[in-house]
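Below is one structure; the comments refer to it alone.
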Amino acid sequence: MFDRSAAVYDAIYRFKNYTAEADRIRELIGERSPDARSLLDVACGTGKHLAELGHFFSVAGLDLDRQLLAIARRHNPGVPFHEGNMGDFHLRRRFDVVTCLFSSIGYMSSEPLLRRAVSCMAGHVTPGGLLLIEPWLTPDRWQEGLLGAVFVDDPDLKVARFNSSAVKDGCSVMDMHYLVTRPSGTEYFTETHSLMLFNDGQYREALVAAGLSVEHEPEGLMGRGLYIGTADKSRMNDGRRDAAPQRGPAGQGRESGGRKQARGHQKPAPGRAGPADVPAAHLPDEVAHELRSTVRPGKGGIVLEVFSQAAGAFAEEDFTAAIRLGEEAKHLALRSAAIRELLGLAYYRTDAWQEAAKELSAFRRITGTSDQNPVLADCYRAMGKPERALELCNELDPRKVPAPVFAEGLIVAAGALADMGRADEAIAGLERADIRPEAVEEHHLRIWYVLGNLLESRGRYSQARAWFEALAAADPDLTDAPERARKLASKA
């Protein structure tokens, strides 16, 4: 779509005041969801909004255009970016706020596609969270035949862009003509951009159909208005209901919330001392032995105490404290697999993908095992490297790793394939797995959910509904499968 113009995109649109727009977005979020911490920008372009919002939120971006994503990554080092279509993406996590700005929603070429995109974005919003959509022009505001021109006059870059405006089958059509001059020479190229002219009712109906309450800010960010959808808080029970299974460490010891713990510690029982008071005696013998064998001379007692506190903090889901204490323990025992694993999982739970990948890679080198490959692979997915994620998942041998670990690998592999636009291959891979055993366990249910999600994304509604119904019958409180099945009843 922006194959040729991506390199001059920021120059052409420098008239946009991203700082002011980000401030307005923060204001709107603060008024409705003051505790919001995470934000996903769908159709993020070159990431200019995220560069501003990233000072206040844990951010991520998604866009269909690889050239724009490459620029976005340069603007936002360390921020995870994903390549995907706004109507068909699955990040396996939710965000407190999802945005779709600068009228990108207009690229959905029909009302069904509009509804699909809104539903997909809404599915990535936490209960009580927000979806902000900046619409394209409505039919009554579009001026057919209007001519436009934009000029860039920089020392080393000259751009002239001219466009005409037409309407075809309810869609605005702009033929863009570019003349770009650099010291290396001059090039001419054209692009055609078609954006659907949806009306106010269509936007509202799409948001309501996605299960959101709707507000409309007439002015919005730049005069085009802004739709604000709020997800129902009642969808949240004990933290387990989610649009997709939550990212969680591989291995044993899953908590009731669908998240697993690091090896070497147990979640304190009610009334037990807090993280800072967890004694070393609560560590399994093999972990204590491994710590003593890798610690610097004379520091054995200290590392046991610090690691115990780090493990206790992790059990209490105080991941900031777990990281701080884990880094202190790592300074004492750099070659400890238990420390590197706990640090990796703690970083993972805070969406610090690069740090998590570094620590889990160290754990993998030290132990020679693939127990944490699914989590490590998921980190690479979040960093926009699905190929590497797939390689790590393919290393898993069902004869050598526990069944839940292998299942997590299947789930992450399916997500990586979907990231690369190979959703049908992802579905086939899950369908080949042994996911209908006589004794169904939670890891089977997680696969059912992902399979249902992928089938729905491909329009195979009756099959998707069957998996969601099976999941709802097995454990109605594990996910939002009962609700998903009900919504698909009208489509199947």
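Below, the figures for the structure above:
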| item | result |
| --- | --- |
| All positions within the stretch 2-45 that are under 24 Å from the mean Cα position of the chain (by Cα) and of a type in the set (Val, Ile, Thr) | THR19, ILE25, ILE29, VAL42 |
| ARG141 being out of contact with any strand residue (DSSP E or B) (no Cβ under 9 Å at 6 or more places or on another chain) and within 26 Å of GLY223 (Cα to Cα) | yes |
| Number of positions in the stretch 366-416 that are crowded, with 21+ Cβ neighbours inside 10 Å and of a type in the set (Lys, Arg) | 1 |
| Enumeration of residues in the stretch 307-336 that are open to solvent by less than 10 Å² (accessible area, probe 1.4 Å) and aliphatic (A, V, I, L, M) | ALA310, ALA311, ALA313, ALA315, ALA322, ALA329, ALA333 |
| Failed criterion for ASP480 (all others in (1) crowded, with 21+ Cβ neighbours inside 10 Å; (2) without any contact (Cβ under 8 Å) to a residue 24 or more places away in the chain hold) | (2) |
| Criterion: part of a helix (DSSP H, G or I), in contact (Cβ under 8 Å) with a residue 12 or more places away in the chain and among the β-branched types (Val, Ile, Thr) - qualifying residue of ILE447, ILE435 | ILE447 |
| Residue in the stretch 383-400 that is without any contact (Cβ under 8 Å) to a residue 12 or more places away in the chain and over 22 Å from TYR348 (Cβ atoms) present | yes |
| Identity of the residue in the stretch 186-229, assigned to a helix (DSSP H, G or I) and either at pLDDT 95 or above or not hydrophobic (A, V, I, L, M, F, W, C) (or both), that ends up least open to solvent (accessible area, probe 1.4 Å) | TYR203 |
| Subset tally (residues that are free of Cβ contacts under 8 Å to residues at least 40 places away in the same chain and open to solvent by 10 Å² or more (accessible area, probe 1.4 Å)) for the stretch 351-365 | 6 |
| Tabulated pairs, the stretch 78-100, first within 22 Å of MET1 (Cβ to Cβ), second part of a loop (DSSP other than H, G, I, E, B) and not hydrophobic (A, V, I, L, M, F, W, C), C-beta under 6 angstrom, 6+ apart or interchain | PHE81/GLY384; HIS82/GLY384; VAL98/HIS124 |
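The values are calculated or read from the model by the stated rules, or taken from the named source; none is laboratory data. Predicted model, so just to flag it, every value in this text is computed and none were measured. Positions of Cβ are generated from backbone atoms using ideal geometry, with glycine treated the same way; all protein chains shown enter the neighbour counts. Just the protein is used for accessible areas: all its heavy atoms, side chains included, with ligands, DNA and RNA removed. Shrake-Rupley method; radii C 1.70, N 1.55, O 1.52, S 1.80 Å.
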